[in-house]
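S.K.: Supplied in structure tokens, the structure appears directly below.
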Amino acid sequence: YMRGAWVVWEEGGRYPNLIVELLSPTTAKEDKTVKKEIYEQTFRTPEYYCYDPETEELIGWRLNGGGYQPIRPDERGWLWSEQLGLWLGRWEGKFQGFQATWLRFYTAEGRLVFVAAEAEEQRAEVERQRAELAEAEVARLRARLAELEGTS
């Protein structure tokens, strides 16, 4: 279900396995220092990511022993989440009517993970293509049948 925020007591006392913080000019410093320390020392959140939509900077840390260690980006600038088994990276495209650079998840093979609406669009497109192929096959078979009936 959709959450506006993680509320520990509503999650059976569990803290999140990872946090993705969207930075703003007014919160960036606190997010990278105060909040990072809380997530590292108090929550013990295994992975913490910060993304600045204005600069498109994406950084992340993974809990290793006593504290956070930076997660090294790959050649695309993506960060691997061990918690999710997915890449986290930038994506340029249209989403909910807005053309922009978005932060998105990718499979281990580098394929974009669709949100529900995109998955439904993809399913509908596959179904449309399947129907077109079936109609073309019916037309081909009708033509072949007419050809055979004409030669008998």
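The values are calculated or read from the model by the stated rules, or taken from the named source; none is laboratory data. Everything numeric here is computed off the predicted structure, so don't read it as measured data. Backbone-built Cβ (ideal geometry, glycine too); neighbour counts: all protein chains shown.
S.K.: Would you please name the residue that is nearest to the chain's Cα centre (by Cα), looking only at residues in segment 15-39 that are outside any helix (DSSP H, G or I), under 21 Å from Gly67 (Cβ atoms) and of a type outside the set (A, V, I, L, M)?
M.R.: So the residue we want is Glu21.
S.K.: Here's something else I'd like to know. Mind counting the residues in segment 59-79 that are part of a strand (DSSP E or B) and more than 18 Å from Leu22 (Cα to Cα)?
M.R.: Selection size over segment 59-79: 5.
S.K.: Here is a further query. Say whether the condition of being assigned to a strand (DSSP E or B) and modelled with pLDDT under 95 is met by at least one residue in segment 127-141.
M.R.: The answer is no, given that none of the residues of segment 127-141 is assigned to a strand (DSSP E or B) and modelled with pLDDT under 95.
S.K.: Going residue by residue through segment 83-93, is there one that turns out to be closer than 24 Å to Pro16 by Cβ, over 18 Å from the mean Cα position of the chain (by Cα), assigned to a strand (DSSP E or B) and at pLDDT 95 or above?
M.R.: Taking every residue of segment 83-93 in turn, none turns out to be closer than 24 Å to Pro16 by Cβ, over 18 Å from the mean Cα position of the chain (by Cα), assigned to a strand (DSSP E or B) and at pLDDT 95 or above.
S.K.: Also: For segment 79-89, give me the residue count where each residue is more than 12 Å from Tyr49 (Cβ to Cβ) and either crowded, with 17+ Cβ neighbours inside 10 Å or in contact with a Cys (Cβ under 7 Å, 6 or more places away or on another chain) (or both).
M.R.: Residues that pass the stated criteria total 0.
S.K.: Checking Met2 against (1) outside any strand (DSSP E or B); (2) in the same structural domain as Phe105 (by TED's automatic domain parsing), which single condition isn't satisfied?
M.R.: Among (1) outside any strand (DSSP E or B); (2) in the same structural domain as Phe105 (by TED's automatic domain parsing), Met2 violates only (2).
S.K.: From the list Arg44, Arg14, pick out the single residue that is in the same structural domain as Gly60 (by TED's automatic domain parsing), more than 22 Å from Leu88 (Cα to Cα) and not polar (S, T, N, Q).
M.R.: Only one candidate passes the filter, namely Arg14.
S.K.: Something else now. Do we find that Arg76 is within 30 Å of Glu109 (Cβ to Cβ) and surrounded by fewer than 12 Cβ atoms within 10 Å (Cβ to Cβ) in this structure?
M.R.: yes
S.K.: If you scan segment 40-58, which residues turn out to be not acidic (Asp, Glu) and not in a helix (DSSP H, G or I)?
M.R.: Arg44, Thr45, Pro46, Tyr48, Tyr49, Cys50, Tyr51, Pro53, Thr55, Leu58
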